[in-house]
Amino acid sequence: MTAATYSTILYHVKEGIASLVFNRQEVLNAFNDRMSEEVYVALRHAARDENTRCVIITGAGKAFCAGQDLGSRNVADFDGELHLGESVRERYNPIIQLIRTMDKPVVAALNGVAAGAGCSIALACDLRLASTKANLIQAFVRIGAAPDSGSSFFLPRLVGLGRATELLFLGDKINAVEAERWGLVNRVAEPEAFDALVQDYAHRLSQAPTRAIALAKRALNQAMDTDLTTTLEHEAWMQELAGRSSDYAEGVRAFTEKRPPVYTGK
Ligand code: LHQ
């Protein structure tokens with residue numbers, strides 16, 4: 001599968017920034033089987049592509065992503081025996097794992113509503129930027145489903161157990177401004193300033209020392225899931241690796257020469 005054969009997403013790379021755009025607008029960019037496959041393939045490509053130093057995930061039209069396509073037969077068949085676990089394991093979990101393990105920053109640009117697994121994907125990203133048109137909804141409970149795609153992992157870590165519980169039990173819609181107050185999103189902008197905000201972050205990340213960011217991401221992944229002693233040792237190892245990068249040498253040189261650094265990601 002290549003960019004030319006994608007039918008449910010748009011994907012392009014420019015100036016070190018890969019943009020992955022969910023594009024099933026008639027269903028608010030909800031996921032069918034094809035879209036989960038294409039998103040995975042595109043993310044894997046971004047992870048491996050030397051020219052990509054930052055990934056932006058966003059939605060075409062008015063929504064970010066409404067989660068699972070509830071019209072898909074394999075999740076809406078009331079008469080058959082449904083194997084939803086299989087669907088989650090095979091289609092969503094690999095996407096979440098890839099976002100977390102790729103050695104590059106992944107930014108969710110929330111142009112509109114993010115619901116269900118669409119919201120989970122945003123929570124798994126490294127940063128979230130939101131237009132004031134965006135809402136976040138842990139919609140699972142509204143349809144009698146359980147949280148999936150990492151929501152029960154990331155939500156309490158972002159907003160604390162009390163708020164996570166409320167969001168998962170009640171499925172209320174949180175607007176972008178409140179989401180920022182809660183720590184669910186990093187920044188909010190009015191729709192007319194949103195593209196500039198996203199471009200500013202993407203540009204800064206694409207010019208940053210990519211290896212140092214990858215090491216910080218690995219350190220955060222490790223720290224979210226372990227004790228202080230292990231974390232301190234893991235940090236020491238990440239610093240050892242950072243010290244071997246050209247960007248580190250450039251960063252220190254630029255500091256001593258009192259000039260801005262020029263990072264290459266090497
Ligand atoms: C949709 C959808 C949608 C299909 C809007 N599907 N058509 C994983 C695997 C296995 C099992 C179960 O779960 C999962 C993980 C999950 O993601 S579960 C959660 C699934 N998502 C939802 O429950 C969200 C459903 N959508 C909504 O609640 C609303 O559409 C939201 C709040 C997102 C937006 O509301 P509105 O802005 O009022 O838009 P709308 O409801 O009018 O939707 C516009 C159209 O999009 C409409 O179609 P139509 O033909 O009437 O214009 C909707 O039917 C369609 N659409 N979400 N997930």
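Only the coordinates and a few stated rules stand behind these numbers; no lab work does. Predicted, not measured: the structure shown is a model, and the values here were computed from it. We place every Cβ from the backbone using ideal geometry, glycine too, and count neighbours over all the protein chains shown.
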Worksheet item: Out of curiosity, is Ala214 in contact with a strand residue (DSSP E or B) (Cβ under 8 Å, 6 or more places away or on another chain), surrounded by 15 or more Cβ atoms within 10 Å (Cβ to Cβ) and among the small types (Gly, Ala, Ser)?
Response: no
Item to complete: Enumerate the helices (runs of 4 or more DSSP H) found wholly within the stretch 121-190, keeping only those where 1 or more residues are touching a residue at least 60 places away in the same chain (Cβ under 8 Å) and away from the ligand (no atom under 12 Å from the Cβ).
Response: 151-159, 176-182
Worksheet item: Taking into account only those residues within the stretch 207-261 that are touching a residue at least 24 places away in the same chain (Cβ under 8 Å) and aliphatic (A, V, I, L, M), which is farthest from Glu50 (Cα to Cα)?
Response: Met224
Worksheet item: From the list Ser149, Ser131, which one is farther than 21 Å from Ser87 by Cα and polar (S, T, N, Q)?
Response: Ser131
Worksheet entry | Arg100 being of a type in the set (Lys, Arg) and over 13 Å from the mean Cα position of the chain (by Cα) | no
Practice prompt. Would you check if there is a residue in the stretch 56-70 being assigned to a loop (DSSP other than H, G, I, E, B), among the basic types (Lys, Arg) and within 9 Å of the ligand (Cβ to nearest atom)?
Written response: yes
Worksheet item: Restricting attention to the stretch 46-54, does a residue exist that is under 30 Å from Arg142 (Cβ atoms) and away from the ligand (no atom under 16 Å from the Cβ)?
Response: no
Worksheet entry | the stretch 217-230, residues that are under 23 Å from the mean Cα position of the chain (by Cα), of a type in the set (S, T, N, Q), surrounded by fewer than 16 Cβ atoms within 10 Å (Cβ to Cβ) and assigned to a helix (DSSP H, G or I) | Asn221
Worksheet, complete the sentence: All conditions in (1) out of contact with any helix residue (DSSP H, G or I) (no Cβ under 8 Å at 6 or more places or on another chain); (2) within 11 Å of the ligand (Cβ to nearest atom); (3) assigned to a loop (DSSP other than H, G, I, E, B) are true of Phe78 except (2)
